[in-house]
Amino acid sequence: MTEYKQIKLDIADGIATLTLHRPEKMNAFTRVMMDEMIDAMDVTDADDSVRAVIVTGAGERAFCAGADLTPEGGGHVFSDPNPVESLSDERVRDGGGRLTLRLFNSKKPLIGACNGVAVGVGITMQLPFDIRLASDNARFGFVFARRGITPEAASSWFLPRLVGMQTALEWCMTGRIFDAQEAKERGLVRSVHPQGELLDVARGIAREIADNTSAVSVAMTRAMLWRIGGGGHPMEGHRVDSRAIYRLSRSNDAKEGIASFLEKRAPAYPDTVSKNMPDFYPWWDEPGYE
């Protein structure tokens, strides 16, 4: 297993727990953390024993207090300080966006256990998570307008899909901090829990996935809902649904799913994400797909 400097990755009993680990800095985000989180996603995707990934922060104060405004060794916080000749220059890409796009492409379900303050990139990195839980002391803020910048990490795409345009605009234009209860009421988080119970609830959801579902089915379902759920015409969903159900209905997992149901026993799905994804996955890379 890779040794990381600013995160921890623990894998046990089918569940990976990725912990942002800079408690002395309230787990503030850096380029090192970005690179390590992306690498961890590569590790969990490649490990067929991993059925779900929980992401949380070290300590009881913060999930992630945003970008580190005082990075070690100095340097520019948000981008390369050297002038670029074109906005298409690779250096223009923001680190939060690189991370959220990798999270978006995860083959494993992502469960956020937000254990405290989450502002700036600390909340925008959570938007591609499939399920978000919060501790009762969690606080959130899309504070970019109060720093003279704009929302990043592809949040202009993710946030309105999760909470609606009106809420997204209000939170981003005011930049105000709001509590976990408001986050729940507006649909940003699934539920709010006492600090000491948060990880147990997250593990319970992960365990439900790990013990009862087909890894291939979950990976396909995740990709289909994220990529089609906010799309244009339902025909796009019908085309992908039809191909997916045709292929997966003939799989060994489908046979096991039916047999275990009829025999009233726990399933033991044989197919793996590394070897048994449908032959048209990833369909969004096909020529002509938009």
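Would you tally the residues in region 151-168 being in a helix (DSSP H, G or I) and open to solvent by less than 80 Å² (accessible area, probe 1.4 Å)? Walk me through it before giving the result.
Residues of region 151-168 in a helix (DSSP H, G or I): 155-163, 165-168.
Among the residues that remain, those that are also open to solvent by less than 80 Å² (accessible area, probe 1.4 Å) are: 155, 158-160, 162-163, 167-168.
Selection size over region 151-168: 8.
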Item to complete: Go through (1) assigned to a helix (DSSP H, G or I); (2) more than 18 Å from the chain's Cα centre (by Cα); (3) β-branched (Val, Ile, Thr) one by one and return the number of the condition THR272 breaks.
Response: (1)
Discussion item. Being part of a loop (DSSP other than H, G, I, E, B) and open to solvent by less than 20 Å² (accessible area, probe 1.4 Å) is the filter here; which residues of region 2-51 pass it?
Written reply: GLY14, ARG22, ASN27, ALA28, VAL50
Response to the item:
ARG207 meets each of (1) charged (D, E, K, R); (2) open to solvent by less than 40 Å² (accessible area, probe 1.4 Å); (3) in contact (Cβ under 8 Å) with a residue 60 or more places away in the chain with one exception, condition (2)
Fill in: Options ARG243, ARG265: the member that is surrounded by 12 or more Cβ atoms within 10 Å (Cβ to Cβ) and either at pLDDT below 90 or not aliphatic (A, V, I, L, M) (or both)
ARG243
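Condition check ((1) among the polar types (S, T, N, Q); (2) touching a residue at least 12 places away in the same chain (Cβ under 8 Å); (3) not assigned by the TED database to the domain that holds ALA168) across all residues:
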position	(1), (2), (3)
GLU185	no, no, no
ARG190	no, yes, no
VAL201	no, yes, no
ARG227	no, yes, yes
HIS233	no, no, yes
ARG243	no, yes, yes
ARG247	no, yes, yes
ARG250	no, no, yes
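The values are calculated or read from the model by the stated rules, or taken from the named source; none is laboratory data. Since this is a predicted model, take the numbers as computed values, not measurements. For neighbour counting, all protein chains shown are included, and Cβ atoms are generated from backbone atoms with ideal geometry for every residue, glycine included. We work out accessible area using only protein heavy atoms, side chains counted, and drop any ligands, DNA or RNA first. Shrake-Rupley method; radii C 1.70, N 1.55, O 1.52, S 1.80 Å.
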